[in-house]
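The values are calculated or read from the model by the stated rules, or taken from the named source; none is laboratory data. All values derive from a computational prediction rather than experimental measurement. Don't worry about glycine lacking a Cβ; one is built from the backbone with ideal geometry, like all the others, and counts go over all protein chains shown. Surface areas here come from the heavy atoms of the whole protein model, side chains and all, with no ligands, DNA or RNA. Shrake-Rupley method; radii C 1.70, N 1.55, O 1.52, S 1.80 Å.
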Amino acid sequence: MFEQLMGLLLLGLGIQSPLTSPNVKGETTTQAQTFRREVETKRKGATDSYKTKQQTFQNKLKTMKDPAKKLSLEKLQNSITEVNTKRTTVMTNILSKMIDLLGRATTKGAQLKAAGKDTTSLNVAFSAAQTAIQVAQDAVVVQAGKQYSITITDEAQVKNNVETTRKLLEADLRSTNAKVVEARKSLSTALKEL
């Protein structure tokens, strides 16, 4: 966070753009790799708490009498977990590509500035894009760390509990995806400034 603020301050002073360095391609790749590692770390950290929830789920599942409901609930639980993992992986890939694209655009902006062009509006657009991408990255990391477990209170309430869990997952994914879309729009605006 401090580095971003410092980058914005330096950018405003015209000293340095947020991603410019002698090796911009390597730096943006490193940022993308760091982001991917952060998502994986968050997933692994959430797995521990999820295992206890899963154990509770399995114990409650054993008390159910209907074998068809048991099988269906197990499939739904696995499906919910897979959906969250797949969606956050897709969003992670999209954001990694955006980071690389912003790095290349920043390099082009630095070349334009070296050629004597006025890049003030370009730098502001790049800063806005960088901030939007960072917000989306934070949201994806948080979403990757979330684990959804169906609560089983009794057989009569199972349908409602499944629906509640599914709607919660859907709402969280929509919220996270909206931030990724906003980052994409911000990057698109910045690229149009070129």
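On the full set of protein chains, 1.4 Å probe, figure out the accessible area of Arg184 and give it in Å² to the nearest 10.
About 120 Å², ignoring ligands and nucleic acids.
Taking only protein heavy atoms into account and a 1.4 Å probe, give the accessible area per residue of the stretch 71-164 in Å². Don't skip to the answer; put the middle values down first.
On the way: 4600 Å² over 94 residues.
Ligands and nucleic acids excluded, the figure is 49 Å² per residue.
Under a point spin-label approximation (7 Å from Cα along Cα-to-Cβ), what is the Thr89-Thr153 distance to one decimal in nm?
3.5
Determine, for the stretch 65-153, the count of lysine pairs separated by eight or more sequence positions (or lying on different chains) whose alpha-carbon distance falls under 22 Å. Working shown, then result.
Working: Lys65/Lys75; Lys75/Lys86; Lys75/Lys146; Lys86/Lys97; Lys86/Lys146; Lys97/Lys108; Lys108/Lys117.
Lysine pairs meeting both conditions in the stretch 65-153 amount to 7.
Which Cα, out of Ile133, Ile152, Ile99, lies furthest along the positive dipole direction of the stretch 84-194 (beta carbon charges, K/R +1, D/E -1)?
Ile99
How big is the dipole moment of the stretch 71-148 about its Cα centre under a simple scheme where the beta carbon of each Lys and Arg is +1, that of each Asp and Glu is -1, and everything else is neutral? Debye, nearest 20, please.
Details: 9 positive and 5 negative charges, 44 e Å.
Using only the charged Cβ atoms, the result is roughly 220 debye.
Using a 1.4 angstrom probe with every protein chain in place, what is the largest-first accessible-area order of Val135, Val140? Intermediate values should be presented prior to the final figure.
Values: Val135 75, Val140 0 Å².
Largest to smallest exposure gives the sequence Val135, Val140.
Just report the Cα centroid separation between the stretch 80-119 and the stretch 138-192, whole Å.
What the calculation gives is 22 Å, centre to centre.
Lys and Arg at +1, Asp and Glu at -1: add these up for the other residues within a Cβ distance under 15 Å of Leu187 and post the number. Walk me through the intermediate numbers first.
On the way: positive: Lys97, Arg104, Lys108, Lys179, Arg184, Lys185, Lys192; negative: Asp100, Glu182, Glu193.
Taking every other residue near Leu187 into account, the sum is +4.
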